[in-house]
Amino acid sequence: MLLLAPAGAAIATTPSTPPSTPPPTPPPVTVNEFLPEDRGLGECISAVPKPGCGSEARGGWRQMLVLLAILVGLALIVWRVVVGARKARVARDRHVTAGQ
């Protein structure tokens, strides 16, 4: 019983409210490799950015690979639509000639 009394007293004396100062918040990340550091932000963000805005990180072989994948996917879709339309036309023509 004597061993439990100090532990109970320690629990009762601990504050249940959080400390009055909030923990520090980390600073926001302001580094963007796509915007130049020597020009104003308003000069580079627009529908038609001025020359010298951006970085060398844009483009490259990965961007071309994505473009190629999009074009191949689009070609497959167009091919399937054309094949489906031709099959439907042949089936319709067979149905019309069989009914006469």
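The values are calculated or read from the model by the stated rules, or taken from the named source; none is laboratory data. Just so it is clear, the model here is predicted, and its values are computed rather than measured. Using ideal geometry, Cβ is built from the backbone for each residue, glycine included, and neighbour counts are taken over all protein chains shown.
Listed here are the residues, each with its yes/no results for (1) exposed (fewer than 10 other Cβ atoms within 10 Å of the Cβ); (2) in a helix (DSSP H, G or I).
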position	(1), (2)
PHE34	no, no
ASP38	yes, no
ARG62	yes, yes
TRP79	no, yes
ALA85	no, yes
ASP93	no, yes
Residue in the stretch 5-19 that is at pLDDT 70 or above and either loosely packed, with under 10 Cβ neighbours inside 10 Å or assigned to a helix (DSSP H, G or I) (or both) present: no
